[in-house]
Amino acid sequence: MKKFIYPLLILLCIVTACNKLGILPDNIVQDKDAFASTGGVTAYFAGLYNRLPIEDFKYNMNNGYNQFNYIPNINNLTGESMSREVGGASAAQTGYWGDAYVVIRNANYFLETMPAYAFNFNQSQVNQWLGEARFIRSFTYFELVKRYGGVPITPGVQYYPQQGLEELQIPRSSEQQVYDYIGKDLDTAIMLMNNTSEQRGRANKFIAAALKSRVMLFAGSIAKYNNKNISDPATGAQVQGIPATEAVRYFKECYAAAKLVETGGYALYRASANKEENYYNLFFDVSSANKEAIFMKEYSDLNAVHSFDLFAIPNQMKGKDGYSSYMNPTLDYVELFDGLPRNADGSLKTIDATTGQYAYYDNPYSFFQNAEPRLLATVLMPGATFKGQVIDIRRGIYKGDIAGGINPFPGSVSPFPNTTNPYANNPNIVPAVNSSNLPSPMVDLPNGQKMNAGGLSGTYGTTGGSVTISGFFQRKYLDQRKPVADVIVNKSFQPWMEMRYAEVLLNRAEADYELITAGQNDVDYRQDAYTCINDIRDRAGATLLASAADLTSINVIRNERRKELGFENKIWWDIKRWRTADAEIQNRVWLVLNPIYVAANGKYIFDKRRYEGNQQFTFQSMWYYEQIPNGEITKNPKLVQNQ
Amino acid sequence: MGLALLSACAKNDNYEEPAETLTGRVIDNSTGQPIQTESAGIRLRLEEQSWNNGQGVIPQYFNVKPDGTFNNSRLFKGKYKVYPMDGAFVPLVTTTTPVIDNSKTVDISGVTSLEFNVDPFLKVEWVGEPVVNPDKTITVQCKFTRGTTNPAYQFNVTDVFLYVSTTDFVSNASYDNRFSNQVKYNGTDGNALLGQTISITTKGTLGGSRTYYVRVGARTADNVNKRYNYNTPKPVNIPGA
């Protein structure tokens with residue numbers, strides 16, 4: 001008898017257990033909890049925004065989003081910035097795919113579930129949320145399409161195992177279909193949402209419009225400039241490339257979206273009359289007075305931190321964790337701006353064209369004293385004052401006789417041939433030691449004092465390798481109020497400006513110019529572009545365009561974009577969508593500026609040359625489209641790989 | 001238990017290792033010889049057809065050597081669709097209109113040989129021998145002509161590059177930027193030089209008493225890959241001081 005009891009007991013357990021399985025566990029948040037109250041919905045959105053793929057201080061070229069390490073940031077691939085840790089070009093393929101579809105699924109789940117709970121709220125509130133979910137979905141699809149071209153568009157929330165594999169595996173839509181899907185989704189979001197955000201950092205009608213201007217500009221650029229057209233043989237969908245005939249439509253949509261943002265009361269930041277301080281402060285002002293900030297990602301000491309100051313801080317101000325000097329703007333970038341000393345032929349006046357010899361400057365900063373305020377707010381110059389200290393950058397000391405002037409060192413005259421040891425065989429110069437181990441030598445000066453051949457912050461330093469290699473530091477985003485004790489790991493919380501009004505104006509000006517080129521004249525696009533560019537230049541303190549006729553090429557607008565949006569993780573995507581990266585960055589060695597002290601007269605000379613490390617950057621054409629992660633193709637065999 | 005774990009670790013994968021060989025050449029139709037390229041200048045694309053009818057198969061690639069030959073002795077047995085791509089030649093496969101498919105489908109088993117014929121964008125030829133000048137530079141003469149009669153692939157000539165290197169890998173992928181010299185052309189200026197003999201000289205002063213390799217690459221505004229077509233590398237002896 002005993003033998004039969006156990007099976008019976010087990011059977012009993014199974015039968016009773018079956019009855020209980022219908023009860024949902026208490027420890028999992030259920031729809032009725034999340035969707036029935038404002039607090040629940042806010043929490044749901046907190047999750048969505050947290051996963052939103054924003055390329056902020058935590059995005060790097062190797063690992064993608066949410067990384068501690070911002071050293072290999074994508075600005076190192078465009079000529080904006082250089083770093084001793086980034087020795088060459090990269091495809092920057094971060095494999096962002098699976099995480100994107102998590103965000104898309106969660107947004108879709110919200111869109112499908114919310115209507116059933118809508119009776120709890122007023123309609124305007126519900127519409128705002130439905131618009132926000134579409135904004136988040138669009139933002140995420142855009143991050144995919146700008147990397148891969150056409151990607152699968154999920155028809156809604158998918159369920160496994162309720163749905164079969166065949167049904168779950170979706171082939172890629174064409175690149176055009178994805179851009180059109182985003183455009184339509186954002187139109188709906190714009191229609192649904194209110195003019196103001198529910199909380200700071202969340203979307204509203206105009207933020208969706210700003211995103212649309214960005215997305216449509218990308219779509220138009222791909223249609224116009226892409227030449228690599230690849231279709232999925234199984235479906236016929238053109239997964240890489242958009243027919244050129246679509247370009248005008250996209251540029252017009254970009255223009256219209258940008259005009260819509262203008263009606264939202266946004267304007268360039270002009271809080272302070274000092275244009276340099278004003279541009280610098282733009283990135284720190286989170287108050288409602290900052291009408292330029294459209295979409296900002298904020299951080300806080302307790303909840304979300306990054307380490308930007310740690311990485312970017314000049315060596316002489318570094319904190320106890322030891323990092324410093326990883327973000328070094330190139331001279332190629334600095335030279336884009338107005339107000340630098342130039343010869344009559346336009347060349348940078350490191351060498352005086354009338355004598356063919358080096359020009360003298362009273363101190364390092366006198367080289368930059370007339371520079372465009374926006375440049376001074378973006379880049380920290382040798383001799384600039386920051387946090388109460390003078391940035392000390394020196395490549396060496398010239399000790400020779402200067403009665404006959406100083407002739408150019410090898411490699412410092414256009415076209416600046418690559419030279420690896422320009423100062424080594426010159427008996428007149430004592431260079432800072434080019435080594436990470438040795439301190440640079442002290443030099444006796446004629447006035448009896450001693451001076452270190454290298455500066456405290458570069459180049460090739462006094463105490464170690466943590467110095468600038470270009471002669472410059474990034475100032476944009478670097479917090480001048482942060483005490484040295486806080487320049488440590490995970491102790492930065494200045495906001496990330498993901499979208500600001502200057503970008504919208506630049507989007508608009510670029511779309512304007514593309515429409516002029518395409519022969520469109522339904523609006524005076526030339527005048528509109530002129531107004532946008534001069535608005536930006538005026539705020540920057542740059543030289544204004546004299547008339548609309550000065551818009552002689554698309555490069556006027558593109559260069560304005562580089563200057564205005566530098567170090568904001570944007571230009572990489574721009575040179576890719578313009579399809580100019582391969583031509584621009586081809587066996588290229590970035591230019592640097594070496595300040596050298598002249599012992600005989602106590603002045604400085606500036607040596608412009610290609611980086612002595614002679615690291616060459618080449619962008620490969622095959623990088624315009626990233627490779628879909630192979631693991632995703634294994635899961636979904638209907639995906640065709642990019643070429 | 002411990003024994004079981006240890007012995008499990010020692011077990012080999014029970015699948016046979018890939019041992020088939022695919023070898024062959026990419027022939028330049030303008031010369032009848034294998035096409036001259038650079039390291040990673042041409043990729044050979046393989047799509048396996050014997051699994052799932054080729055659907056969902058991740059394409060494999062391997063590089064064609066700079067001398068235009070290829071060899072891979074570690075492939076799994078199977079049926080593959082194969083074609084070279086990314087080089088400075090008229091593409092063999094296009095997927096948008098006009099759709100072209102000049103790939104080859106082969107069963108790879110044992111040693112399988114394949115040969116592809118391509119039309120280069122440009123044919124680059126030496127004219128005479130490189131000359132060493134007294135100032136330790138090298139002057140070469142060369143000419144380039146169209147390698148294809150298809151007008152859709154006759155792009156503007158953008159530049160000619162005299163490459164200098166200490167190895168015979170000399171090319172855009174490996175050169176000394178202190179000595180190599182690039183001549184760029186604006187718009188259609190370069191097209192006027194098609195078929196003409198042009199002369200280029202190296203930059204800087206070449207260090208004495210050793211052999212350098214020189215080679216000329218010429219390129220068109222090819223709308224996708226922007227690779228160079230090359231002539232064959234030539235060694236040049238620079239006499240000592």
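Tabulated data for the structure shown
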read-out: Positions within the stretch B:210-241 being in a loop (DSSP other than H, G, I, E, B), under 13 Å from the mean Cα position of the chain (by Cα), within 14 Å of chain A (Cβ to nearest Cβ) and not basic (Lys, Arg), in sequence order; value: B:Asn225, B:Tyr228
read-out: A:Glu55, sole failed condition from (1) under 23 Å from the mean Cα position of the chain (by Cα); (2) more than 19 Å from A:Arg202 (Cα to Cα); value: (2)
read-out: Candidates B:Thr197, B:Thr158 - the one that is in contact (Cβ under 8 Å) with a residue 24 or more places away in the chain, open to solvent by 70 Å² or more (accessible area, probe 1.4 Å) and either over 24 Å from B:Ser30 (Cβ atoms) or assigned by TED's automatic domain parsing to the domain that holds B:Tyr230 (or both); value: B:Thr197
read-out: Residue list for the stretch A:319-354, filter: small (Gly, Ala, Ser) and open to solvent by less than 20 Å² (accessible area, probe 1.4 Å); value: A:Gly319, A:Ser324, A:Ser325
read-out: Test set (1) on the phi > 0 side of the Ramachandran plot; (2) open to solvent by 50 Å² or more (accessible area, probe 1.4 Å) - A:Gly541 fails condition number; value: (2)
read-out: So A:Pro382, is it closer than 14 Å to A:Ile605 by Cβ, surrounded by 17 or more Cβ atoms within 10 Å (Cβ to Cβ) and either out of contact with any helix residue (DSSP H, G or I) (no Cβ under 6 Å at 6 or more places or on another chain) or of a type outside the set (Gly, Ala, Ser) (or both); value: yes
read-out: Selection from the stretch A:591-609 of residues that are open to solvent by 10 Å² or more (accessible area, probe 1.4 Å), touching a helix residue (DSSP H, G or I) at 6+ places or on another chain (Cβ under 9 Å) and either of a type in the set (A, V, I, L, M, F, W, C) or within 14 Å of chain B (Cβ to nearest Cβ) (or both); value: A:Leu591
read-out: Number of the condition not met by A:Gly201 [criteria: (1) at positive phi; (2) of a type outside the set (Phe, Trp, Tyr); (3) away from chain B (no Cβ under 14 Å); (4) buried (at least 22 other Cβ atoms within 10 Å of the Cβ)]; value: (4)
read-out: Residue among A:Ala189, A:Ala219, A:Ala223 that is open to solvent by less than 10 Å² (accessible area, probe 1.4 Å), more than 19 Å from A:Val239 (Cβ to Cβ) and either touching a residue at least 60 places away in the same chain (Cβ under 8 Å) or of a type outside the set (S, T, N, Q) (or both); value: A:Ala189
read-out: Residue list for the stretch B:169-209, restricted to those being in a loop (DSSP other than H, G, I, E, B) and among the small types (Gly, Ala, Ser); value: B:Ala173, B:Ser180, B:Gly187, B:Gly195, B:Gly204, B:Gly207, B:Gly208, B:Ser209
read-out: Test: residue in the stretch B:124-142 that is touching a helix residue (DSSP H, G or I) at 6+ places or on another chain (Cβ under 8 Å), crowded, with 17+ Cβ neighbours inside 10 Å and assigned to a loop (DSSP other than H, G, I, E, B); value: no
read-out: Check on A:Ser324, more than 24 Å from the chain's Cα centre (by Cα) and of a type in the set (S, T, N, Q); value: no
read-out: Where a residue in the stretch A:516-533 is under 16 Å from A:Val504 (Cβ atoms) and among the β-branched types (Val, Ile, Thr) and its partner, wherever it lies, is assigned to a loop (DSSP other than H, G, I, E, B) and open to solvent by 50 Å² or more (accessible area, probe 1.4 Å), with Cβ under 9 Å and at least six apart; value: A:Ile533/A:Leu544
read-out: Residue in the stretch A:492-501 that is within 14 Å of another protein chain (Cβ to nearest Cβ) and surrounded by 20 or more Cβ atoms within 10 Å (Cβ to Cβ) present; value: no
read-out: Test: residue in the stretch A:147-167 that is surrounded by 24 or more Cβ atoms within 10 Å (Cβ to Cβ), within 30 Å of A:Tyr299 (Cα to Cα) and either in contact with a helix residue (DSSP H, G or I) (Cβ under 7 Å, 6 or more places away or on another chain) or assigned by TED's automatic domain parsing to the domain that holds A:Arg508 (or both); value: no
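The values are calculated or read from the model by the stated rules, or taken from the named source; none is laboratory data. Just so you know, these numbers come straight off a predicted model, no measurement behind them. Virtual Cβ from ideal backbone geometry, glycine too; neighbours counted across all protein chains shown. Just so you know, the surface numbers come from the protein's heavy atoms only, side chains and all, with ligands and any DNA or RNA stripped out. Shrake-Rupley method; radii C 1.70, N 1.55, O 1.52, S 1.80 Å.
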